[in-house]
Amino acid sequence: MTELYTEGAPIRDEKAPDGPIAERWDKRRFSARLVNPANRRKLSIIIVGTGLAGASAAATLGEAGYNIKSFCYQDSPRRAHSIAAQGGINAAKNYRNDGDSIYRLFYDTVKGGDYRARESNVYRLAQVSVEIIDQCVAQGVPFAREYGGLLDNRSFGGVQVSRTFYARGQTGQQLLLGAYQALERQVAAGTVEMYTRHEMLDLIVVDGRARGIIVRDMVTGEIETHFADAVVLATGGYGNVFFLSTNAMGSNVTAIWRAHRKGAFFANPCFTQIHPTCIPVSGTYQSKLTLMSESLRNDGRIWVPKKKGDTRDPRDIPEEERDYYLERMYPAFGNLVPRDIASRAAKRVCDEGRGVGPGGLGVYLDFADAIKRMGRDAVEAKYGNLFDMYERITGENPYEVPMRIYPAVHYTMGGLWVDYDLQSTIPGLFVIGEANFSDHGANRLGASALMQGLADGYFVLPNTINDYLADGPFEKIDENHPEVKEAVEGVRARLEKLLSINGSRTVDSFHRELGKIMWDYCGMERTEEGLRKAITLIRELRDEFWRDVKVTGVNEELNQTLERAHRVADFMELAELMCIDALHRRESCGGHFRAESQTEDGEALRHDDEFAYVAAWEFTGVGEPPVLHKEALEYEYVEMKQRSYK
Amino acid sequence: MRITLRVWRQKSRDDEGRMVTYELDDVNENMSFLEMLDVLNEKLTLQGEDPIAFDHDCREGICGACGVVINGVAHGPEVTTTCQLHMRSFKDGDVIEVEPWRAKAFPVIKDLVVDRSAFDRIIQAGGYISAPTGTAPDAHSVPVPKADADRAFDAATCIGCGACVAACPNASAMLFTAAKITHLGMLPQGQPERASRVVKMVNQHDEEGFGGCTNIGECAAVCPKGIPLDTISQLNNDLLSALASGKL
Amino acid sequence: MAITGAILVLFLIAHMYGNLMIFGGQEAFDEYSHHLRVLGAPMLPTNGFLWIMRVVLLASVLIHMYAAFTLWNRARQATAGKGSRRYHSKKNRTGVQRTYASFTMRWGGVVIALFVLYHLLHLTTNHIAPGGASDSPYERVVNGFQIWWVVLTYFISMLAVGFHLRHGLWSAVQTLGKNKARRQRAINAVATAVAVAITVGFLIPPFSVLFGLVG
């Protein structure tokens, strides 16, 4: 294994204060230096990405009086992929009087993350969760309400209290529009300069500090440099390395990967979350996967035929020839086992050749019993919109024929390593939202992604970035600075290279193949042998990509093929690091399941003595062994336990 | 199935543009409309031709990035976004005509990609509630009647795709503007800026070069999120009372 | 547009009511016609009411037309001069749900404007007098409408008015901010009913004359 990576000095979060956990955030806010309002006007911040984290940070820092430049690759900041989040947002409001508290939200999150998240960060997240709801309501986010006019709550997977606030099945959309509107208000006020259809292609680091970014104007192809006193990346997750995921088509790793190449450590890259209830792949042309709310598992029964390769109409398969495998294997929780367990079980039965639908990658989620028990109207009232969505996509009527579902990648817990201030290992480079690794450990709980994005953007970053900016403004630099020139040249050369290969395979065909490798060997279940094989395959594919990819057109135009090509090129490098990370972590935890490390019942088995740390990776070159820096995780407030769902 | 596509090709903003015909023999009815375009683009790329540019991102009907006029109808024959339209809505042998949104305020950038930044500027003009971070009172301090909250939500589901403009014979963006006016106007938090908001947003709407509303209703009929036509009535109501009250 | 339209609709209803007086015979009709001239007397001089009315109507018509041309012009600009014909596809040219009435608002409005001129020259000033001029309003009506093509011109014009009202009435309610989702169907039904009633109401007298039921 040592040939694949080397181990460097351990790393530590220097910013988190010690003392009682409930006082740490207050303590840090007090110890962080401030920038007085008059000086803020002299300081500039670049924020890349306009999802929940990026838009809320840009709006808040703009309100504070800093000069903000905000960038997004979409045609409008409102399209960032936070918009697609369905379920809800957690907050420890205890409006239900059901025993919820900040401490309980903290506890649930650490436990749900399978004890691979930092206590201090998670506690702070739980603390500010309360303020997020207040802020969003004040902005006009139309959360669901009860007849008395007060906010409604629902419960969500893995917890026993009702603390999830929601806006029908479109909570992400409503929260993002709230942040987007706050952002546009600052654009109108002149504190934020918005750059849409601009994609970050590199980070500018001068004298060891992040000082700007290189972007491509996606309409004209112009390569621009933008400078600032600090750079914030809010560019989301990298689930699209799997090609098929629930991420948006444009979601990519480029911004954080380029920062990683410039010296920012990448933490826990192999921690990915795979959601069990997605609409399965219907053919090779498939471009993305669509999530269906997990709530379907409350009334639907999951099964596959007992016989291999049974292609009969599901309605013709008699009861005794069906295998309700979750009910069989987990009698206590049945169809309601946690996401990772349900996902793995589905994969296992499909691997046995008992999967259903095109390609045999699917299992039935059957509502026939529920319809018999509750009546069709009751089922429709509860799940009507989901059934409609299913029918629109598959053309099958789920009231008549059982739904087919299959797991899909939808969130990445890993990301750039940050300290308590959300600053990466490059001074002046801050990373927020899904792009950082900080709060979810090895597994994220439902309705916590929205909470973290907004916590980082509205409340955490605006209170910590000033500690760094208090040393600014930094020395002025321009495009003639040697380090800037070199970075710009690097970007140009890479684009020219991509355009000049003129090979025989399309970008998508490479991406699809990369995704297949990752899904097969670095997906729901990982083995030493598989991961080693994957690394070899990825390296070969990467070489082939740079030899044989075909990118049409020129740089100086709107060129969507070129955009995809440079994103896929970065995925090719990330994929290798993910496999190395997965390979080195010889334990199972949360979303990371190593077949070699399981309990007798087939559950994830952690090795806390060896692996209770964050793996922060340092880049050394493409195909070169990265350096592992371990950040030890200490638990003072939560006791580490094994999960059980029998 | 076999499909003949006639697609608007335009190299750049200043290019003339024209309809170009393509044939596809191996279309699967379970493909989404955009996946069908992906397949065509793969083919074009391998032939060394420029693939068709079109905006798209989430492909689950919520980001609002995609949207083309299919056979003269914004988002095509089903009331949904283009990404959620599937080829089973067409027949073997169909000729499908694909064009970009057309409006002066939405200039074509390339092929089927248009510039919708006018929508952002309408929001900038007043489509928000001024609530700086940290100033908010407890979320439960102001109850909101469920009926108001629900109506606000219905209007707030607008995805800003621009189909309303593409479908409107006047190329008016009234439904988009009205959706935001109604969303914020129904909530107690939106009251202080209600009068100035509607005036500023409508002024910006007109300045962007969108046409005026003549209540034809095509916008609501193609809206993938079903924003109701009465939001425009709400906008008119708010505008009249704002002008009458004079407190702008 | 909505307010001036509403004034014009009220006028049309009064006008239609007056027209139906023709069934009372020549004396009643001419008496009604004269009565309009002395309405409000002695507070107002002779013809005073009529002139007030004419000024209000003329102002309404001019404002209505001005607003219409502004909207028309804006639509031409906004669609780059191509109106609803801005797509190459010839499919679905009639839209998804739009009414025929909504298509005919602009050109239908022009037809109505030309008709009003013709109508004033015919029955008010009597410069055009098919069938013979007369000082009696009743006779003017009867003389004119005994000729088939005069009735035909009125028939076509009244259809234009009917369509204009069908969309105009609904549109006015929406513009004045009084539409609600649950009322929308009813508003459209009322708009259709009123449009039909006014069209039919106006067409009864000329057809009655043509078929010899009057005169």
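The values are calculated or read from the model by the stated rules, or taken from the named source; none is laboratory data. What you are looking at is a predicted structure, and each value in this text was computed from that prediction instead of being measured. Positions of Cβ are backbone-derived with ideal geometry, glycine not excepted, and every protein chain shown enters the neighbour counts.
Can you pull out the strands (runs of 3 or more DSSP E) entirely within the range A:205-313 that have at least 3 residues that are modelled with pLDDT under 95?
Correct list: A:272-278.
Which of the residues belonging to the range A:345-358 are closer than 13 Å to A:I405 by Cα and of a type outside the set (A, V, I, L, M, F, W, C)?
Once the filter is applied, which keeps residues that are closer than 13 Å to A:I405 by Cα and of a type outside the set (A, V, I, L, M, F, W, C), the range A:345-358 yields A:K347, A:G355, A:G357, A:P358.
Test A:R96 against the criterion of being part of a loop (DSSP other than H, G, I, E, B), at pLDDT below 95 and of a type in the set (D, E, K, R), and give yes or no.
yes
Looking at C:V55, C:V38, C:V96, which one is touching a helix residue (DSSP H, G or I) at 6+ places or on another chain (Cβ under 7 Å) and hydrophobic (A, V, I, L, M, F, W, C)?
C:V96
Inspect the range A:603-612 for any residue being surrounded by 14 or more Cβ atoms within 10 Å (Cβ to Cβ), in a loop (DSSP other than H, G, I, E, B), out of contact with any Gly (no Cβ under 9 Å at 6 or more places or on another chain) and among the small types (G, A, S) and give the result as yes or no.
Among the residues of the range A:603-612, at least one is surrounded by 14 or more Cβ atoms within 10 Å (Cβ to Cβ), in a loop (DSSP other than H, G, I, E, B), out of contact with any Gly (no Cβ under 9 Å at 6 or more places or on another chain) and among the small types (G, A, S), which makes the answer yes.
Which ones in the range B:82-137 are more than 10 Å from chain A (Cβ to nearest Cβ) and assigned to a loop (DSSP other than H, G, I, E, B)?
Of everything in the range B:82-137, those that are more than 10 Å from chain A (Cβ to nearest Cβ) and assigned to a loop (DSSP other than H, G, I, E, B) turn out to be B:F90, B:K91, B:D92, B:G93, B:D94, B:P100, B:W101, B:R102, B:K104, B:A105, B:P107, B:L112.
Could you list, in sequence order, the residues of the range B:217-248 that are over 17 Å from the mean Cα position of the chain (by Cα) and either farther than 28 Å from C:T99 by Cβ or in a loop (DSSP other than H, G, I, E, B) (or both)?
B:S241, B:A242, B:L243, B:A244, B:S245, B:G246, B:K247, B:L248 - these are the residues of the range B:217-248 that are over 17 Å from the mean Cα position of the chain (by Cα) and either farther than 28 Å from C:T99 by Cβ or in a loop (DSSP other than H, G, I, E, B) (or both).
Across the range A:59-74, what is the number of residues that are closer than 29 Å to A:H275 by Cα and either among the hydroxyl-bearing types (S, T, Y) or facing chain B (nearest Cβ under 9 Å) (or both)?
Residues that pass the stated criteria total 2.
Go through the range C:155-194 and give me each residue that's under 30 Å from C:G131 (Cα atoms) and more than 14 Å from chain B (Cβ to nearest Cβ).
C:F155, C:I156, C:S157, C:M158, C:L159, C:A160, C:V161, C:G162
List the pairs whose first member sits in the range C:64-80 and is assigned to a helix (DSSP H, G or I), whose second member is of a type outside the set (G, A, S), and whose Cβ atoms are under 6 Å apart, counting only residues at least 6 apart or on separate chains?
C:H64/C:T4; C:A67/C:M1; C:W72/C:R106; C:A75/B:N170; C:A78/B:K104; C:A78/B:F210
Within the range B:14-28, restricting attention to residues that are in a loop (DSSP other than H, G, I, E, B) and surrounded by 14 or more Cβ atoms within 10 Å (Cβ to Cβ), which residue is nearest to the other protein chains (Cβ to nearest Cβ)?
Looking at residues that are in a loop (DSSP other than H, G, I, E, B) and surrounded by 14 or more Cβ atoms within 10 Å (Cβ to Cβ), I get B:N28.
Starting from residues that are assigned to a loop (DSSP other than H, G, I, E, B) and aromatic (F, W, Y), keep the ones in the range A:419-465 and report whichever is surrounded by the most Cβ atoms within 10 Å (Cβ to Cβ).
Looking at the filtered set, the residue picked out is A:F437.
Would you be able to say whether some residue in the range C:203-210 is surrounded by fewer than 21 Cβ atoms within 10 Å (Cβ to Cβ), more than 14 Å from every other protein chain (Cβ to nearest Cβ) and under 12 Å from the mean Cα position of the chain (by Cα)?
For the range C:203-210, residues surrounded by fewer than 21 Cβ atoms within 10 Å (Cβ to Cβ), more than 14 Å from every other protein chain (Cβ to nearest Cβ) and under 12 Å from the mean Cα position of the chain (by Cα): present.
State yes or no: is A:R116 among the basic types (K, R), surrounded by 24 or more Cβ atoms within 10 Å (Cβ to Cβ) and more than 14 Å from every other protein chain (Cβ to nearest Cβ)?
yes
What helices (runs of 4 or more DSSP H) lie completely within the range A:468-580 and have 3 or more residues being within 14 Å of chain B (Cβ to nearest Cβ) and touching a Lys or Arg at 6+ places or on another chain (Cβ under 8 Å)?
Here the list reads A:507-521.
Of the residues that make up the range B:194-208, is at least one away from chain C (no Cβ under 11 Å), touching a residue at least 40 places away in the same chain (Cβ under 8 Å) and not in a helix (DSSP H, G or I)?
No; the residues of the range B:194-208 include none that is away from chain C (no Cβ under 11 Å), touching a residue at least 40 places away in the same chain (Cβ under 8 Å) and not in a helix (DSSP H, G or I).
Looking at C:H127, C:H119, can you tell me which residue is in contact (Cβ under 8 Å) with a residue 24 or more places away in the chain and more than 9 Å from chain B (Cβ to nearest Cβ)?
Of the residues listed, the single one that is in contact (Cβ under 8 Å) with a residue 24 or more places away in the chain and more than 9 Å from chain B (Cβ to nearest Cβ) is C:H119.
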